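Please treat every number below as a calculation from the coordinates, not as lab data. Here the structure is a predicted model, which is why all the values come from computation and not from measurement. Neighbour counts are summed over all protein chains in view; Cβ atoms, including those assigned to glycine, are modelled from backbone coordinates with ideal geometry.
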Amino acid sequence: MIVLPPVAAALAGVLLDRLLGEPRRFHPLVGFGRMAAAAESLLRRGAPGRPLGNRLRGFIAWFALVAPWVALTAWFVHPLLDVLLLWLALGGSSLAEHARAIAAPLAAGDLKTAREAVGRIVSRDTTQLDEAGVATAAVESVLENGNDAVFGALFWFCVAGGAGAVLFRLVNTLDAMWGYKDARRVYFGWAAARIDDILNFIPARLTALTYALLGDARNAFDCWRTQARAWSSPNAGPVMAAGAGALKVSLGGTARYHGRDEDRPVLGNGPAPSADDIERAVQLVERGVWYWLVALVPWVLLHA
């Protein structure tokens, strides 16, 4: 049987993501998303429905969707499969591609195209955003998804191999679909949101630490310490506060979601982001991946 050290397996998965990106057709997460939508349609009762009943139904749906795939990947252990699963779990290449598709037209003054591009990766209304609003939405998405689509998957891969990476991405996908506090999902998505909070607790803080160490560290740590708690998400707060501080830009502020303005706390300090700051955020994530791989070497040696 082929044996790959954890660092080699992680490096191979990262390189596959860099070289191939995400599958253009038949991506497993797309199929999983369709299954999740069908499960919600089948099990959810009302909007919001009964608190206990829909929370229980949401947990049953979560377990039925996640447990079989994690059990299968944990049972069928093979180093090459682990590499393949990490590649499918990582979204770093896709994240950079989407971000640069926003930065390029924004830098060229094509605001309409930039709005359309950022609308593909954020849930807020982007049709009326000005240049600073587009750049802010893009930088926020890069920083948050740096954790959700890159560092979180790497962390759980190191903990539990390919099954860990699969578990994290499936949990994160269900949180992205169900973990909202709107009338439709406030009860049904409760379990998905809470489980994601638990699995993301350590990765989010390691991601925040990564951003801080690769940017303006003093500013990042200060923003993390003073601003993160004000953010609605216990894990996105540290990630985005540290990232904004590392880049020395201001994020947050008013954003429009589903026809309603939402006032969000300001994170970071400095000017509003520009097109150049989108690329700086991408570089923060990409450099962080290589630092993580280097940091794994002594960990593997200590546990050899």
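Here are a few things to note about the model shown:
- Spin-label model, ASP130 to ALA230: label points 7 Å out along the Cα-to-beta-carbon direction sit 2.1 nm apart.
- At R0 = 30 Å, FRET efficiency that the Cβ-Cβ distance of TYR257 and LEU56 yields, to 0.05: 0.65
- Contact order, relative form, for segment 189-255: 36 percent (alpha carbon pairs under 8 Å, 6 or more residues apart, mean separation divided by residue count).
- Rel. contact order, % - alpha carbon contacts under 8 angstrom, at least six apart, the chain: 21 percent
- Listed peptides 257-269, 60-72, 168-180, 281-293 appear in the order 168-180, 281-293, 60-72, 257-269 once ranked by packing, highest mean of other Cβ atoms within 10 Å at the front.
- Helices in the chain, meaning DSSP H runs of at least 4 residues, each add -39500 (n - 2.57). Divided by all residues, the mean residue ellipticity at 222 nm is -23500 deg cm²/dmol.
- For the chain, the membrane-span-like helices by this rule, meaning whole DSSP H stretches whose C-alpha atoms cover at least 24 Å of axis and whose Kyte-Doolittle mean is 0.0 or above, are 51-75, 152-178, 190-214, 275-302; this says nothing about an actual membrane.
- Residues whose amide H lies under 5 Å from that of SER250, counting only those 5 or more places away or on a different chain, are ALA272; hydrogens are built 1.01 Å from N in the peptide plane.
- Summary value for segment 1-102: 57 percent relative contact order, contacts being C-alpha pairs under 8 angstrom separated by 6+ residues.
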